[in-house]
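Student: Here it is: the structure, laid out below.
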Amino acid sequence: MKILITGGAGFIGANFVYHILEKYPSYEVICVDALTYAGNMETLAEAMKNPKFTFVKGDIADRDFIFPLFENYKPDYVANFAAESHVDRSINDPGIFLRTNVIGTGVLMDASREYGVKRFHQVSTDEVYGDLPLDRPDLLFTEETPIHTSSPYSAAKASADLLALSYCRTFKFPVTISRCSNNYGPFHFPEKLIPLMIANAINDKPLPVYGKGENVRDWLYVKDHCTAIDLIIHNGRIGEVYNIGGHNERTNLDVVKTILRELNKPETLIAYVTDRPGHDQRYAIDPTKISNELGWLPETTFDTGIKLTIQWYLSNRKWWENILAGEYQNYYENMYGDR
Ligand code: NAD
Ligand code: DAU
């Protein structure tokens, strides 16, 4: 079997590359990644030593690159992780989100149709459902929850989902979609809440909490996301959407305080800053469908996962310090300088 993994130099894609190489040693894994600011070859250093792994640099929205690539490798499976993934960046510059997340998915699906891909898996997000109120803990996102997006990022991801479902109905295209809650774990780019707070806390820098820190996210350890996608690709029903999440809801303030406690740092490092425009209040996934149909259950609780993650950042300082030393400094100044 040959599996093409797009966005494999990013956070979740790389964790998925390692999951597949370990679990299916006979599979040939081809990774395509444009190496944007979020893509990092250091993340793939171990994979590059594996003869079953091939890395190709390129843009999923570039038809002239993607079609010859499919002609050359003729993958059986495609797992599309490649995306612009940060909500704050989508507020500052929506255009690239449309190009990569919508056009890129369309180009990949066209090539997959042309070259007879057996399964195309679209990695989507719970953000396509919008948000839930803070005072209704009984409400959860199911696969039937209407699409109701808040940010250019989530609108672009929802557009790709709709395009994928339209290809399934119109062309009998063999697609599955997963919508996962917030991930955390190794190789997470330090623009996102958990790795940013860990890096700042280690460096005794202020921890910028948006608004009052009351917003709620439903955290899933990245390796549990990878096992879920593996199950969907191999056993999921074509044309179906599967929600992925593990009932690990936390307010942002809880998460930040946990990180400070684990690192033995004072809460005086917390700095409340101007809120994100259109900030979604609460996400919470109902994973009943994937549990009942595919037998998926998350293995890592938040209490365990956050300890593992903090330990990973302490043991892999070079990985994130290299990022902090580069273009990231301009990003940080622009995003947080006078917030
Ligand atoms: P990431 O930003 O860490 O990585 C994205 C990767 O895609 C990077 O390696 C980047 O170089 C690559 N890429 C970007 N544009 C590209 C293009 N035009 N062509 C080829 N490669 C390109 O993102 P992530 O957090 O790993 O998210 C991966 C996927 O999972 C995304 O589709 C995202 O929407 C989805 N998702 C993320 C989360 C989360 O909590 N991070 C949760 C649910 C779903
Ligand atoms: O739910 C899945 C989504 O989770 C994915 O689709 C996205 O790709 C991923 O980035 C993530 O989106 P969020 O916007 O929820 O993640 P982020 O880490 O940016 O923010 C998490 C929460 O923390 C959110 O309520 C905003 C808040 N926050 C974030 C940052 C970066 C802060 O308070 N301060 C910060 O500096």
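Student: Measure off, as a whole percent, the carbon and sulfur share of the 1.4 Å-probe accessible area of segment 1-113, all protein chains present. Present the calculation step by step, with values, prior to reporting the outcome.
Tutor: Working: 2370 of 4470 Å².
In segment 1-113, the share of accessible area belonging to carbon and sulfur is 53 percent.
Student: If I compute solvent accessible area with a 1.4 Å probe over the protein chains, what percent of it on segment 204-339 is carbon and sulfur?
Tutor: Details: 3030 of 6430 Å².
About 47 percent, which is the carbon plus sulfur part of the accessible surface.
Student: Moving on to the next point. Using the Karplus curve 6.51 cos²θ - 1.76 cosθ + 1.60 with θ = phi - 60°, what ³J(HN,Hα) values do you get for each residue of segment 148-153, in whole Hz, with x for Gly and Pro?
Tutor: Listing the rounded values in order: 7, 8, 10, 10, x, 4 Hz.
Student: Using the Karplus curve 6.51 cos²θ - 1.76 cosθ + 1.60 with θ = phi - 60°, what ³J(HN,Hα) values do you get for each residue of segment 116-129, in whole Hz, with x for Gly and Pro?
Tutor: x, 4, 7, 8, 10, 10, 9, 8, 10, 9, 5, 5, 5, 7
Student: Taking Rh as the Kirkwood radius, which is the inverse of the mean 1/r over Cα pairs, what is the Rg/Rh value for segment 131-288? Before the final figure, lay out the partial values.
Tutor: Numbers: Rg = 17.5 Å, Rh = 17.3 Å.
Result for segment 131-288 is an Rg/Rh of 1.01.
Student: Sticking with the crude label model, points 7 Å out along Cα→Cβ, report the distance from Asp275 to Leu324 in nm, one decimal please.
Tutor: Inter-label distance under the simple model: 3.0 nm.
Student: Further question: Give, as a single signed number, the net charge of other residues whose beta carbon lies under 13 Å from the beta carbon of Glu144, with Lys and Arg counted +1 and Asp and Glu -1.
Tutor: On the way: positive: Arg179, Lys289; negative: Glu143, Glu240, Asp286.
Summing Lys and Arg as +1 and Asp and Glu as -1 gives -1.
Student: Using +1 on the beta carbon of Lys and Arg, -1 on that of Asp and Glu, and nothing else charged, what's the dipole of segment 92-183 about the Cα centre, debye to 20? All intermediate terms of the calculation are to be shown ahead of the outcome.
Tutor: Details: 9 positive and 11 negative charges, 110 e Å.
Using only the charged Cβ atoms, the result is roughly 520 debye.
Student: Going by a ≥ b ≥ c, the root eigenvalues of the Cα gyration tensor, does segment 1-97 fall in the rounded group (a/c under 1.5), the prolate group (a/b larger than b/c) or the oblate group? Don't skip to the end; give the middle numbers.
Tutor: Values: a/c = 2.21, a/b = 1.44, b/c = 1.53.
It comes out oblate by the Cα gyration axes.
Student: Can you grab the distance from the C-alpha centre of segment 224-257 to the C-alpha centre of segment 274-339, Å, no decimals?
Tutor: Here the answer is 14 Å between Cα centres.
Student: State which entries of Lys2/Lys172; Lys49/Lys307; Lys172/Lys192 exceed 26 angstrom in Cα-Cα distance in the structure shown.
Tutor: Details: Lys2/Lys172 21 Å; Lys49/Lys307 29 Å; Lys172/Lys192 37 Å.
From Lys2/Lys172; Lys49/Lys307; Lys172/Lys192, over 26 Å: Lys49/Lys307; Lys172/Lys192.
Student: Something else about it: What spacing in nm lies between the two simple spin-label points modelled at Thr288 and Arg261, each 7 Å away from Cα in the Cβ direction?
Tutor: 3.2 nm
Student: Taking Lys212 as the anchor, which aspartates and glutamates have their alpha carbon closer than 12 Å to its alpha carbon, excluding any fewer than eight residues away along the same chain?
Tutor: Asp254, Asp275
Student: Looking only at Met109, Met48, Met197, which one moves most when the chain is put into a Gaussian network model with springs between Cα atoms under 10 Å?
Tutor: Top of the fluctuation ranking is Met48.
Student: Per residue, how much accessible area does the chain show when a 1.4 Å probe rolls over the protein heavy atoms, in square angstrom?
Tutor: Numbers: 14170 Å² over 339 residues.
Ligands and nucleic acids excluded, the result is 42 Å² per residue.
Student: Hey, what do the phi angles of segment 91-107 turn into as Karplus ³J(HN,Hα) couplings, whole Hz, using 6.51/-1.76/1.60 and θ = phi - 60°, x for Gly and Pro?
Tutor: 6, 7, 8, x, x, 5, 5, 5, 4, 6, 6, 9, 4, x, 5, x, 4
Student: Something else now. Report, in debye and to the nearest 20, how large the dipole of segment 225-305 comes out about its Cα centre when Lys and Arg carry +1 and Asp and Glu carry -1 on their Cβ. Display every interim value, and only then the final one.
Tutor: Details: 8 positive and 12 negative charges, 35 e Å.
Result for segment 225-305 is approximately 160 debye, rounded to the nearest 20.
The values are calculated or read from the model by the stated rules, or taken from the named source; none is laboratory data. Treat the numbers as computed from the prediction; the structure is a model and nothing was measured. Here Cβ is always computed from backbone atoms with ideal geometry, including for glycine, and neighbour counts include all displayed protein chains. What goes into the accessible areas is simple: the full protein's heavy atoms, side chains included, and nothing from ligands, DNA or RNA. Shrake-Rupley method; radii C 1.70, N 1.55, O 1.52, S 1.80 Å.
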